[in-house]
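**Q** Before we start, here is the structure in question, set down as structure tokens.
The values are calculated or read from the model by the stated rules, or taken from the named source; none is laboratory data. Quick caveat, the model's predicted, so the values are computed rather than measured. Using ideal geometry, Cβ is built from the backbone for each residue, glycine included, and neighbour counts are taken over all protein chains shown.
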Amino acid sequence: MPTPNTAAFDFLARRQSQPAKLFAGPVPTRAELEPILTAALRVPDHGKLEPWRLIVLTRPDMVRLAGMAEARARALGADAEKIDKGRGQFDRGGVAVVVISSPQDVPKIPQAEQVLSAGALCLGLVNAATAAGWGANWLTGWVSHDTIFAAEAFGCKAGETVAGIVHVGTPGSPAPERPRPDLARVVRWGL
């Protein structure tokens with residue numbers, strides 16, 4: 001019979017993201033963020049390829065990226081809502097970690113597994129930051145999926161994509177509880 005880690009299981013069973021727009025107060029320092037990053041990097045990584053890279057953004061980076069997002073949205077002929085959505089997470093952000101999916105051409109390790117590893121890293125960041133007492137929120141938005149913005153802002157090369165921008169800060173108001181999936185609807189037992 002396995003020995004359960006009740007505290008870890010209880011944490012995961014109650015875990016929820018904190019809305020980044022509700023963050024208040026201080027953000028983690030580099031010294032506080034490094035153990036979170038170290039824990040988050042313990043993700044499935046078949047072949048030990050490290051098919052991702054991380055960029056830590058601080059407030060000055062956010063200011064620069066907000067302007068870049070607005071300029072890119074205007075170049076696309078976007079309406080005010082798209083401009084606001086592009087700027088929004090950067091205008092309000094204090095510290096965030098950009099996870100760049102950077103799959104390698106290794107025939108033994110399918111690219112899909114490498115991309116999923118980057119997604120696992122995003123969730124690992126959310127969980128590690130939350131476990132450390134911070135609020136965390138995994139965001140993307142159109143700026144993450146715009147190849148020109150991603151190249152200019154984050155240096156994404158061909159084949160690289162933004163898996164997520166994980167904002168970390170002090171939780172403000174309690175996060176509203178969201179409905180959770182119904183097991184009977186999403187789980188099938190057996191073939």
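**Q** Tell me whether region 146-166 contains one or more residues that are within 21 Å of PRO60 (Cβ to Cβ), surrounded by fewer than 21 Cβ atoms within 10 Å (Cβ to Cβ), in contact with a Cys (Cβ under 6 Å, 6 or more places away or on another chain) and among the aliphatic types (A, V, I, L, M).
**A** Yes, region 146-166 contains a residue that is within 21 Å of PRO60 (Cβ to Cβ), surrounded by fewer than 21 Cβ atoms within 10 Å (Cβ to Cβ), in contact with a Cys (Cβ under 6 Å, 6 or more places away or on another chain) and among the aliphatic types (A, V, I, L, M).
**Q** Here's a follow-up. Give the residues of region 92-112 that are surrounded by fewer than 17 Cβ atoms within 10 Å (Cβ to Cβ) and either at pLDDT 95 or above or more than 21 Å from ASN137 (Cα to Cα) (or both), sorted by residue number.
**A** Once the filter is applied, which keeps residues that are surrounded by fewer than 17 Cβ atoms within 10 Å (Cβ to Cβ) and either at pLDDT 95 or above or more than 21 Å from ASN137 (Cα to Cα) (or both), region 92-112 yields GLN104, ASP105, VAL106, PRO107, LYS108, PRO110, GLN111, ALA112.
**Q** I'd like the full set of residues that are among the polar types (S, T, N, Q) and at pLDDT below 90, limited to region 13-47.
**A** Within region 13-47, GLN16, SER17, GLN18 qualify.
**Q** Which of the residues that make up region 15-71 are surrounded by 15 or more Cβ atoms within 10 Å (Cβ to Cβ), outside any loop (DSSP other than H, G, I, E, B), of a type in the set (D, E, K, R) and touching a helix residue (DSSP H, G or I) at 6+ places or on another chain (Cβ under 6 Å)?
**A** Within region 15-71, GLU70 is the sole residue that qualifies.
**Q** Something else: Residue under question is LYS48, and the condition is that it be of a type in the set (D, E, K, R) and under 26 Å from PRO176 (Cβ atoms); does it hold?
**A** no
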